Amino acid sequence: MRPDWPAPTTQADLPGKPRRRALWRWLTVGVGSALAVFVLLAALLPGLVLGSDAARALVVDRLEALTGQHVSIDGRIDFAVLPRARLSLDHVRFGDGEFTIDTLVANFSLLDVFSGDGDISRLVLVRPEWRVSEAEPQSESVLPGTGGSLLAGLHSLLSRMQGIHDVEIRDGLFRPTGQRFAQRRGVSNANVKIAQSGSADRLSVSGSFVWNGQPTTVDLDVEADRPLRQGGQSNVDFSLDSPALAAKFSGVVQLQNFRQAQGRLSLVTQSFSRGIEWLFAPETQIPELGAVDLAGDLFLEGGNAELRQADLRIGGSEGRGAMEARFEGDTPVIGGTLAFNDLNLTPIARSIAPYPRNALDFERPLGVDFATAIQMEIRLSASELTLGTVPFQDVAAVISAANGVAKLDVGDATLFGGRAQAAITVDGRASEPRVEGWVNASGIDAAPLMSVLSIRSIALTGTSTIRAKLEAPAENWHAILSGLDVTAHLEANNGAISGFDPSVFAEPGARPLRAGTQDGSIPFSALDAEITLNGTTIDFDRMTLANDGGKLSASGRYFAQTNDIDVAGNFEALTAALASTAPSPAAAPKRIEFTMRGEWPDPAVTTAPSAVE
């Protein structure tokens, strides 16, 4: 049987009643929640206002404890609760205003702020600017001073960072003031993050900045078995990279005063002078040594540092040994012993006295004032050493610099088959610097010596001995060339001379010197010459050349500016030679006087029998 359709509707089945009940239920909950929020806000609003004041006081107290400076806030203060409690301060000044921050943001626990005992978990410093006076006195605080006080400041910072886990610096600026820090010196565009572990036993610093005009990145990791603020030894990994210099260190450091360290250190620069200038900004001119790569085991104790098992690459030369340094006074003291297979000193010499390329270069001051910046004594040994075009072997030398005086002292060396000693000293203490030097060499093969000296018009062979001294002003190349004073003594035995025939002086008459030029060589038993150079003038104080045909003696002067020569002398033939070249001994004079005047290499030679036999 089919049910009736539609079924009858009852009062309970009316569709509007459940909706009204649900609406009233949600309305009741909403009103209750609004009342609860209103009550909560009414209860917390005074606390938030008080909390902002407490947060401000907390931040100021921690900043003053962190820096050791009075903190002033000259700008706006913003306090926020969500998403986390943070306080933003504008135009913050420390001390007398030498350290300022455009905006400082601090994060912390809101409940701790209400309780009056809170820690800052994170600091963000936007555009901090630190200006330090050059003549500022030393202080215990982090801010004052530069150089050595920064290390003390870093330790002070570690001891005061308790509770602060992260510090971020954005677009920071550090600009020392004073004459030595003009133009671009200092740090700019610093974007650095400092993170400390919750147990305060680990610290990391990473970021980038511009130091003295060069973009630089830095990474530092410090790890210890106890909180860093307690000092003690910590494992340190440090790296710094810039176009001017790259440095790495990995080892153990005493954090209490940073005066003890052991570890592996490496320094690399493509230009020694630019690297030193970038790092230290010295007032003196630093010689350019080219690319330098130094690595070794560092041992630091107080103001004394040793670099053991040191590997040094300077230019194209590689050496090994040990180096040491002392930093107790104002001037660093550097020493060491280095051994090279092949050492080229030419770039160093040319960096001190670069060859003039134009007329202006003759007046350019030489870089001799570096000896005032450091005290140095480096002992060198080299299997092969090159200075200019002169090659040395088995060299033992000392390079020193102190109190404005630099010196290269070659104690022993092999030179063209003989032995040689030499020294050259640059004294920059006076208003006009001077250079002095000497060389003693014996058993030297004269042929390669003449070749490296680029003397081609006359060839000389034999075993020779050379003694020479030089002195000159060292202000510039013009002063050197015009004031150079050299005395030299040359002796040669059992050799030969080629380029001209001494017999051109043996016959009376006038003729050009080329008349005695020949392709062959004339042997000699002894050659003795004393020469003095004054500026561009060479004085032949005494010259003698003896062989089986006779003895040639001469003295005179050569003018380099005009290429003129003026020499007078005599040729005394031996009796045996006369007998072989003349019909009878009486037919040829035994002694011939001559003069040689004119432009070298073909002056006019005039000879006549001597009035004194």
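The values are calculated or read from the model by the stated rules, or taken from the named source; none is laboratory data. All values derive from a computational prediction rather than experimental measurement. Using ideal geometry, Cβ is built from the backbone for each residue, glycine included, and neighbour counts are taken over all protein chains shown. Only protein heavy atoms, including side chains, enter the accessible area calculation; ligands, DNA and RNA are left aside. Shrake-Rupley method; radii C 1.70, N 1.55, O 1.52, S 1.80 Å.
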Original post:
When R84 is evaluated against the numbered criteria (1) at pLDDT below 75; (2) open to solvent by less than 40 Å² (accessible area, probe 1.4 Å), which criterion, by number, is the only one it fails?
Top reply: (2)
Subject >> Residue identified as at pLDDT 90 or above and in contact with a helix residue (DSSP H, G or I) (Cβ under 6 Å, 6 or more places away or on another chain) among A322, A295, A310, A244 >> reply: A244
Subject >> Residue list for region 242-251, restricted to those being surrounded by fewer than 16 Cβ atoms within 10 Å (Cβ to Cβ) and closer than 18 Å to G207 by Cβ >> reply: P243
**OP:** Return yes or no: is L527 part of a strand (DSSP E or B) and touching a helix residue (DSSP H, G or I) at 6+ places or on another chain (Cβ under 8 Å)?
**Re:** no
Original post:
Has region 400-414 got any residue that is of a type outside the set (D, E), out of contact with any Gly (no Cβ under 9 Å at 6 or more places or on another chain), farther than 21 Å from S351 by Cα and open to solvent by less than 30 Å² (accessible area, probe 1.4 Å)?
Top reply: yes
**OP:** Kindly check whether there is at least one residue in region 280-288 that is of a type in the set (G, A, S) and open to solvent by 70 Å² or more (accessible area, probe 1.4 Å).
**Re:** no
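Residue by residue, here is whether (1) open to solvent by 50 Å² or more (accessible area, probe 1.4 Å); (2) at pLDDT 85 or above; (3) of a type in the set (K, R) holds:
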{"position": "G483", "(1), (2), (3)": "no, yes, no"}
{"position": "L490", "(1), (2), (3)": "no, yes, no"}
{"position": "N493", "(1), (2), (3)": "yes, yes, no"}
{"position": "A506", "(1), (2), (3)": "no, no, no"}
{"position": "R514", "(1), (2), (3)": "yes, no, yes"}
{"position": "D519", "(1), (2), (3)": "yes, no, no"}
{"position": "L527", "(1), (2), (3)": "no, yes, no"}
{"position": "E530", "(1), (2), (3)": "yes, yes, no"}
{"position": "T537", "(1), (2), (3)": "no, yes, no"}
Original post:
Can you find even one residue in region 306-327 that is touching a Leu at 6+ places or on another chain (Cβ under 7 Å), of a type in the set (S, T, N, Q) and under 20 Å from P391 (Cα atoms)?
Top reply: yes
Subject >> In region 364-386, the residues that are in contact with a Ser or Thr (Cβ under 7 Å, 6 or more places away or on another chain), aliphatic (A, V, I, L, M) and over 15 Å from R429 (Cα atoms) >> reply: M376
**OP:** Could you figure out which of (1) under 24 Å from the mean Cα position of the chain (by Cα); (2) at pLDDT below 90; (3) open to solvent by 30 Å² or more (accessible area, probe 1.4 Å) isn't true of V268?
**Re:** (2)
**OP:** Could you please find all residues in region 364-387 being free of Cβ contacts under 8 Å to residues at least 60 places away in the same chain and open to solvent by 30 Å² or more (accessible area, probe 1.4 Å)?
**Re:** I374, Q375, M376, E377, R379, S381, S383, E384, T386, L387
**OP:** Might you check whether a residue that is modelled with pLDDT of 85 or more and within 17 Å of the chain's Cα centre (by Cα) occurs anywhere in region 383-400?
**Re:** yes
**OP:** Check N440 against each of (1) closer than 24 Å to D485 by Cα; (2) at pLDDT below 90 and name the one condition it does not meet.
**Re:** (2)
Subject >> Any hit, region 467-481, residues being open to solvent by 40 Å² or more (accessible area, probe 1.4 Å), over 19 Å from A413 (Cβ atoms) and in a loop (DSSP other than H, G, I, E, B) >> reply: yes
Original post:
Failed condition for S464, given (1) more than 20 Å from P365 (Cβ to Cβ); (2) open to solvent by 30 Å² or more (accessible area, probe 1.4 Å), with all others met?
Top reply: (2)
Original post:
Checking D361 against (1) in contact with a strand residue (DSSP E or B) (Cβ under 9 Å, 6 or more places away or on another chain); (2) open to solvent by less than 40 Å² (accessible area, probe 1.4 Å); (3) in a helix (DSSP H, G or I), which single condition isn't satisfied?
Top reply: (1)
Original post:
Mind checking which pairs have a first residue in region 187-214 that is at negative phi and a second that is hydroxyl-bearing (S, T, Y) and not in a loop (DSSP other than H, G, I, E, B), Cβ under 6 Å, 6 or more apart or different chains?
Top reply: N191/S208; K193/S206; A195/S204; S208/T217; F209/T216; V210/S188
Original post:
Within region 286-304, can you find the residues that are over 11 Å from G336 (Cβ atoms), without any contact (Cβ under 8 Å) to a residue 40 or more places away in the chain and assigned to a strand (DSSP E or B)?
Top reply: V292, D293, A295, D297, F299, N304
**OP:** Can you tell me which residue among Q230, Q260, Q254 is at pLDDT below 90, surrounded by 16 or more Cβ atoms within 10 Å (Cβ to Cβ) and not hydrophobic (A, V, I, L, M, F, W, C)?
**Re:** Q254
**OP:** From T331, T337, grab the single residue that is in contact (Cβ under 8 Å) with a residue 12 or more places away in the chain, in a strand (DSSP E or B) and hydroxyl-bearing (S, T, Y).
**Re:** T337
